[in-house]
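Each remark here refers to the structure printed beneath this line.
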Amino acid sequence: MIIRLEGYGTFIYAGTVAKNTYEYFEDEDIDLQEYAEYLDDPESSNLKIPKEHDFVDGGCLYDVDNLWCISGAELTSYCILSVDLENGDDDWECDLDLDTLEELGIKTTCISSSIRMINDLPSGTCAFMARETTEGLQFEENRIISSSSDFDPTKLELYYHEYMDTSIVRYIKYDGREYFGSNSEWDAKDKEFKWLLL
């Protein structure tokens with residue numbers, strides 16, 4: 001049995017940055033998208049970032065992730081859950097929106113939340129946050145072990161991270177066993193970067 005989550009997903013990462021670096025970016029009116037482009041090709045950029053404020057320091061924005069780094073399928077109708085039974089029977093699929101999942105008896109559980117993590121940070125913390133919309137194969141697990149060769153949606157559980165207005169699937173359980181996905185293949189579409197100052 002193979003379970004796939006395909007369609008739209010979200011990739012988020014965030015990390016703390018020195019407050020004086022945030023203030024430098026604000027004072028110099030440097031947009032984070034502009035900084036991302038500078039990191040991709042510093043030689044052709046007009047930006048001149050002092051070393052003490054180049055918070056990626058030769059790496060890439062993905063490296064700024066000491067708060068969170070999560071990617072996965074969105075729990076929306078723009079993503080499909082499909083099951084390949086591999087025994088000649090018809091495949092099974094449904095939308096990943098919460099109402100559909102509930103009607104089918106598929107359990108969903110929030111296990112972490114960016115908002116809760118932000119609320120736990122001390123006052124004065126400054127952070128960089130990024131969000132990318134992705135499209136493609138978000139999750140595939142081809143080692144599903146079950147006591148039955150038939151798919152039973154009530155044996156499936158989805159565990160997700162809550163990010164602002166989006167729920168991102170972290171892993172699944174089927175028939176009591178945890179699966180984190182052995183494969184994914186997606187392309188990043190829209191990218192959004194922003195500062196957070198507490």
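The values are calculated or read from the model by the stated rules, or taken from the named source; none is laboratory data. Values in this document were obtained by computation on a predicted structure and should not be read as measured data. A quick note on method: Cβ atoms are made from the backbone with ideal geometry, for glycine too, and the neighbour counts reach across all protein chains shown. The accessibility values were calculated without ligands, DNA or RNA, using every heavy atom of the protein model including side chains. Shrake-Rupley method; radii C 1.70, N 1.55, O 1.52, S 1.80 Å.
If a residue has to be open to solvent by less than 50 Å² (accessible area, probe 1.4 Å), of a type outside the set (A, V, I, L, M, F, W, C) and either out of contact with any strand residue (DSSP E or B) (no Cβ under 9 Å at 6 or more places or on another chain) or not in a strand (DSSP E or B) (or both) to count, how many in the stretch 136-155 make the cut?
Final tally of qualifying residues: 3.
What single numbered condition from (1) surrounded by fewer than 18 Cβ atoms within 10 Å (Cβ to Cβ); (2) not in a strand (DSSP E or B) fails to hold for residue 190?
(2)
Within the stretch 100-123, which residues are part of a helix (DSSP H, G or I) and under 23 Å from residue 11 (Cα atoms)?
101, 114, 115, 116, 117, 118, 119
Given the conditions (1) among the acidic types (Asp, Glu); (2) assigned to a strand (DSSP E or B); (3) surrounded by fewer than 15 Cβ atoms within 10 Å (Cβ to Cβ), report the number of the one that residue 132 does not fulfil.
(3)
Do you know which of the residues in the stretch 156-171 that are charged (D, E, K, R) and closer than 26 Å to residue 192 by Cβ is surrounded by the most Cβ atoms within 10 Å (Cβ to Cβ)?
170
So the check is Cβ under 8 Å with 6+ separation or different chains; which pairs have a first residue in the stretch 39-57 that's under 14 Å from residue 17 (Cα atoms) and a second one that's open to solvent by 60 Å² or more (accessible area, probe 1.4 Å) and part of a loop (DSSP other than H, G, I, E, B)?
As it stands, the answer is 51/57, since those pairs meet every condition given.
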